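Take a look at the structure set out below.
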Amino acid sequence: MNSARADVVVIGAGQAGLSAAYHLQRRGVDHVILDAEDGPGGAWRHRWKSLRMETVNGISDLPGIAKPAVDPREPSSEFLARYFRDYEEELGLSVRRPVKVHSVSREDTDPAGLLGIATSDGDWTARAVINATGTWTRPFWPIYPGQSTFRGRQLHVADYVSAEEFKGQHVIVVGGGISAVGLLDEISRVTTSSWFTRREPVWRDEEFDARAGHDAVALVEERVRRGLPPQSVVSVTGLIWTPALKAAAARGALDRQPMFTSIEPGGVRLAEGGFQPADAILWATGFRAELEHLAPLHLRGPGGGIAMEGTQVASEPRVHLVGYGPSSSTIGANRAGRAAVAAILKLPGISQAATPVSWG
């Protein structure tokens, strides 16, 4: 079967993918957007209903169209899915979904040649790929001794629905990020909980200024430039004391304990030798980048990561990763989308409209 053809294939239609598509369309570059989801919204479609706009971290506007007025009580999953849908429709972005990309490979050995993209809905060839698949589909589960013996429920943040399902139970929350403390706040309102992290969390009383944020992103960027697996920006910046989290701390919900040494049928063995009974373990241990479909390109280096030059893979300039590493925040994803398109325009064979597209 013949492959369909586009100059650029964008994989994923979340914040990063839509940002890249905006700039491709604006510059008149031939492209197609492939998204594995059933509808607009990216990973936000799957966030738990209790994550409302008043508690979610700051969400940047997509380029070109500002967010509509926000009801702080509305679930972020509903608001952002609607915003992304309206954005696609208003700009006329033709997103093909649901289309799962199975693999990206080189069609030939010519560094200026074509890439092949195999999908659940036929194959494509392209001069460049912008990968914007995010992390939500790859939750990270640490391995601990005795994990398989636990008689209670184990779940990842990706599977979380509501604190109500844990009423009357003791819940152990593992992880030192924003999701962990947010869920501890929520769970502690309806039942008892314990918090475990590998490292002592670092707290800040004030929001980061532009300089602090820039420095934090630069540290993550340096890791990916060296070909190391990216850390989250939050792991560098620490946690912010919000009024809700201060209230949770007053309830004792944020009394952090060092990581337990093993899991037993009825709970966990504490670092000092004691025992904490538990009915559920919630792993708020983060996500890894969804890049398995890029495996045929052999992009990973000895350090276990992918060496990057901005959004461009250092060893494969036809492939750009947006929403990866330092661009994993919403504002970072917007910037990365623009940067990726600017770099792709320098590749041989990429053409653009003589007059950029304007939306008033």
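At-a-glance table
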| read-out | value |
| --- | --- |
| Helices (runs of 4 or more DSSP H) (entirely within the range 197-312) containing at least 2 residues that are more than 18 Å from the chain's Cα centre (by Cα) and either at pLDDT 90 or above or not β-branched (Val, Ile, Thr) (or both) | 210-225, 243-250 |
| Selected residue (criterion: surrounded by the most Cβ atoms within 10 Å (Cβ to Cβ)) from residues of the range 48-65 that are at pLDDT 85 or above and at negative phi | Leu62 |
| When residues of the range 124-138 are limited to those that are under 12 Å from the mean Cα position of the chain (by Cα) and modelled with pLDDT of 95 or more, the one surrounded by the fewest Cβ atoms within 10 Å (Cβ to Cβ) | Thr133 |
| Filter result (under 18 Å from Gly41 (Cα atoms), in a loop (DSSP other than H, G, I, E, B) and in contact with a His (Cβ under 8 Å, 6 or more places away or on another chain)) within the range 131-165 | Thr133, Trp136 |
| First in the range 27-44 and more than 16 Å from Thr119 (Cα to Cα), second anywhere and among the basic types (Lys, Arg), Cβ under 6 Å, 6 or more apart | Pro40/Arg85 |
| Residues located in the range 173-204, provided they are without any contact (Cβ under 8 Å) to a residue 24 or more places away in the chain and among the charged types (D, E, K, R) | Arg199 |
| Filtered residue count, the range 182-196, keeping only those that are assigned to a strand (DSSP E or B), in contact with a Leu (Cβ under 7 Å, 6 or more places away or on another chain) and surrounded by fewer than 23 Cβ atoms within 10 Å (Cβ to Cβ) | 0 |
| Residue in the range 1-16 that is farthest from Asp123 (Cα to Cα), counting only those that are within 24 Å of the chain's Cα centre (by Cα), modelled with pLDDT under 95 and not aliphatic (A, V, I, L, M) | Gln15 |
| Residue in the range 313-326 that is closer than 24 Å to Trp203 by Cα and assigned by TED's automatic domain parsing to the domain that holds Ala16 present | yes |
| Considering residues of the range 268-291 that are loosely packed, with under 14 Cβ neighbours inside 10 Å and in contact with a Lys or Arg (Cβ under 8 Å, 6 or more places away or on another chain) only, the residue farthest from Val171 (Cα to Cα) | Arg288 |
| Condition met for Gly332 (in the same structural domain as Asp61 (by TED's automatic domain parsing), more than 13 Å from Ile130 (Cα to Cα) and modelled with pLDDT under 90) | yes |
| Residue satisfying all of: in the range 60-110; part of a loop (DSSP other than H, G, I, E, B) and hydrophobic (A, V, I, L, M, F, W, C); nearest to Ala21 (Cα to Cα) among these | Leu93 |
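So that you can scan it fast, the table gives a plain yes or no per residue for (1) in contact (Cβ under 8 Å) with a residue 12 or more places away in the chain; (2) touching a strand residue (DSSP E or B) at 6+ places or on another chain (Cβ under 9 Å); (3) farther than 24 Å from Ser60 by Cβ; (4) not charged (D, E, K, R):
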site: Tyr87; (1), (2), (3), (4): yes, yes, no, yes
site: Ser94; (1), (2), (3), (4): yes, yes, no, yes
site: Arg97; (1), (2), (3), (4): yes, yes, no, no
site: Asp110; (1), (2), (3), (4): no, no, yes, no
site: Leu115; (1), (2), (3), (4): yes, yes, yes, yes
site: Ala118; (1), (2), (3), (4): yes, yes, yes, yes
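The values are calculated or read from the model by the stated rules, or taken from the named source; none is laboratory data. Quick caveat: nothing in here was measured; it's all calculated off a predicted structure. Here Cβ is always computed from backbone atoms with ideal geometry, including for glycine, and neighbour counts include all displayed protein chains.
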